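J.: Questions regarding the structure given below will be posed in turn.
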Amino acid sequence: MNIFLKAIHEKKVLRVKVNSHEKGIIIRKCIPFDFGSSRRYKDGLNRYHFWDLDSPDGSHNLSDYVRWRSCE
């Protein structure tokens, strides 16, 4: 089972590294919740979807291609 699915099943928090279009490379503490196409991005690509817990702009959905490691 990959890290993403395992984190969903075990209700783990992950540290996620994302190449944000607006801010460049960011690292956030997130909760994974879904994998699939995004309503925001109309490119039809599957993305990992996370709830961003430590954004300076407040908690929100974060969807992208990512590299991650556990926060444990």
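J.: Determine Rg/Rh for the chain; Rg is computed over alpha-carbon atoms and Rh is the Kirkwood hydrodynamic estimate from the same atoms. Intermediate results must be reported in sequence, preceding the final value.
T.: Values: Rg = 11.6 Å, Rh = 12.4 Å.
Ratio of gyration radius to Kirkwood radius for the chain: 0.94.
J.: Please compute the modelled spin-label separation between SER55 and ILE8, points set 7 Å along Cα→Cβ, answer in nm with one decimal.
T.: 2.0 nm
J.: Additional query: About its Cα centre, how strong a charge dipole does the range 3-70 have in debye, to the nearest 20, once Lys and Arg get +1 and Asp and Glu get -1 at the Cβ? Walk me through the intermediate numbers first.
T.: Details: 14 positive and 8 negative charges, 45 e Å.
Dipole about the Cα centre, nearest 20: 220 debye.
J.: Hey, another quick one. Going by amide H atoms built from the backbone, whose H comes under 5 Å of the H on SER37, apart from near neighbours?
T.: ARG47
J.: Additional query: Could you work out [θ]222 nm for the chain from helices alone, using -39500 (n - 2.57) per DSSP H run of at least four and dividing by all its residues? Round to the nearest 500 deg cm²/dmol. List each step's numbers first, then the result.
T.: Details: 1 runs with 8 residues, N = 72.
Value at 222 nm, helices only, nearest 500: -3000 deg cm²/dmol.
Computed from the coordinates by the stated procedures, all read-outs in this text should not be read as laboratory data. Fair warning: this is a prediction, and the values are worked out from it, not measured in the lab. Note that we place each Cβ from the backbone using ideal geometry, even for glycine, and neighbour counts take in every protein chain shown.
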